[in-house]
């Protein structure tokens with residue numbers, strides 16, 4: 001066995017970067033530390049035309065320090081306060097990678113509440129922009145702690161619209177891409193059901209199944225690729241403090 | 001023209017049962033001084049319309065919200081407001097209308113434009129439709145598309161906080177984002193605007209570009225000078241969020257001992 005030098009977090013960052021390959025000149029929206037690094041990696045390598053946000057009111061030609069806004073550095077190139085964000089969403093020139101508190105096999109996502117929404121067992125943040133994002137432009141999901149509590153049979157509140165619900169006008173611009181987790185990368189099959197695209201090095205198919213609340217088949221899944229030397233340099237330059245390892249610790 | 005109003009007079013303009021819009025976004029530029037006046041008063045039974053932050057948390061904890069219209073409630077640097085989550089989990093907010101953020105803006109726009117609804121794609125296929133059974137869709141008269149018809153949100157009063165204003169009620173923001181404060185003002189029958197500082201009309205454009213004049217006086221009824229009036233939320237560039245204070249707020253709100261919250265509330269108010 002060779003010495004394992006590539007961290008799980010770095011594999012995840014490269015998978016996020018790959019998810020933005022070919023997205024073109026759109027606004028990248030990335031929720032989470034690994035996604036935030038991943039879109040920077042995508043811009044620095046295969047998709048230079050990608051537009052980054054500072055998470056506040058600016059599109060950035062040069063990104064500010066990780067998790068910081070334009071006030072902390074970088075070069076703003078456009079003013080996109082919240083009022084323009086919803087217009088950008090409706091225009092379709094955006095690609096999101098959002099989090100998920102629950103996700104089902106159709107790709108329905110929940111960030112609103114757990115239990116009956118009338119009086120939830122656990123109130124979360126609210127649907128935020130998930131309903132609008134999913135019917136307007138490409139949406140991927142990022143799950144830092146893959147578990148059977150997140151990958152469930154059915155979500156309690158469909159915040160992000162899954163493939164089974166994307167009919168009529170809701171389906172016109174609906175485009176679910178991938179789900180990147182700390183264990184694997186998922187896509188959707190021709191029936192819109194979640195399938196394993198690749199499994200991260202060091203994860204067994206049994207482990208993946210155990211952490212997923214519905215049946216999946218990872219027996220023939222290829223390994224998620226490891227980042228290149230060049231990519232690793234970019235990743236550590238973007239995240240010198242190693243915040244990504246806190247989001248995805250080594251298992 | 002002088003629309004200045006003392007902070008202590010604000011609640012004389014409000015009544016129980018009103019629909020109140022609150023400007024800002026999450027834990028950013030919230031009219032906290034105005035909200036505190038409501039908390040100190042007997043005013044209750046409110047319908048609150050907001051991109052929620054600690055304003056919603058505090059009003060919910062005080063049991064003053066009968067209905068909440070929101071897209072999210074968050075403290076930004078701390079994702080969840082424990083006062084809000086606690087109220088929801090214990091049935092402390094009798095009625096809620098949880099919208100997608102874009103739908104929320106569409107509702108405000110329709111309200112501001114005195115339209116009965118505004119069409120939007122957001123919401124279709126999601127459980128927002130199930131959580132708001134009164135929501136209807138509308139068929140396009142031009143093609144086969146069908147959109148969500150977000151009903152216009154009309155507000156009795158809007159409360160907003162800006163950086164500067166003149167006494168006539170021309171409001172100026174100096175931070176990176178106007179949020180939706182102008183829209184809140186336009187969607188309301190009356191608007192109470194607090195500011196860090198009231199200056200002369202000349203001064204407004206002496207140090208900042210005219211584009212910073214966000215809210216014209218025709219939409220403002222009262223101007224309240226309240227330095228630090230957004231604390232502990234941010235009011236860039238006058239001050240950032242008081243993260244330490246926000247942590248104290250969250251710890252008190254989270255505590256199982258009600259005395260911790262009472263203690264915080266007494267100190268805060």
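The values are calculated or read from the model by the stated rules, or taken from the named source; none is laboratory data. Worth saying up front: this structure is predicted, and the values here are computed from it rather than measured. Here the Cβ positions follow ideal geometry from the backbone for every residue, glycine too, while neighbour counts run over all protein chains shown.
Miscellaneous remarks
- Residue check for residue B:54: within 21 Å of residue B:196 (Cβ to Cβ), at pLDDT 95 or above and crowded, with 20+ Cβ neighbours inside 10 Å: yes
- Condition broken by residue B:38, with the remaining ones in (1) touching a strand residue (DSSP E or B) at 6+ places or on another chain (Cβ under 9 Å); (2) surrounded by fewer than 23 Cβ atoms within 10 Å (Cβ to Cβ); (3) more than 11 Å from every other protein chain (Cβ to nearest Cβ) satisfied: (2)
- Conditions (1) closer than 22 Å to residue B:110 by Cβ; (2) out of contact with any helix residue (DSSP H, G or I) (no Cβ under 9 Å at 6 or more places or on another chain): number failed by residue B:187: (2)
- A residue that is within 13 Å of chain A (Cβ to nearest Cβ), surrounded by fewer than 21 Cβ atoms within 10 Å (Cβ to Cβ) and at pLDDT 95 or above can be found somewhere in segment B:147-160.
- Counting only helices (runs of 4 or more DSSP H) that fall entirely inside segment A:141-248 and contain at least 1 residues that are without any contact (Cβ under 8 Å) to a residue 24 or more places away in the chain, surrounded by 14 or more Cβ atoms within 10 Å (Cβ to Cβ) and touching a strand residue (DSSP E or B) at 6+ places or on another chain (Cβ under 8 Å), the qualifying elements are A:205-210.
- The test for being closer than 21 Å to residue A:82 by Cα, within 7 Å of chain B (Cβ to nearest Cβ) and in contact with a helix residue (DSSP H, G or I) (Cβ under 6 Å, 6 or more places away or on another chain) holds for residue A:135.
- Residue B:189 being more than 10 Å from every other protein chain (Cβ to nearest Cβ), assigned to a loop (DSSP other than H, G, I, E, B), modelled with pLDDT of 95 or more and surrounded by fewer than 16 Cβ atoms within 10 Å (Cβ to Cβ): no
- Inter-residue pairs, beta-carbon under 6 Å, first surrounded by fewer than 17 Cβ atoms within 10 Å (Cβ to Cβ) and in segment B:127-143, second in a strand (DSSP E or B), 6+ apart: B:136/B:149; B:137/B:146; B:137/B:148; B:138/B:119; B:138/B:147; B:138/B:149; B:139/B:146
- Residue B:182 fulfils the conditions (1) assigned to a loop (DSSP other than H, G, I, E, B); (2) within 12 Å of chain A (Cβ to nearest Cβ) except for a single criterion, (1).
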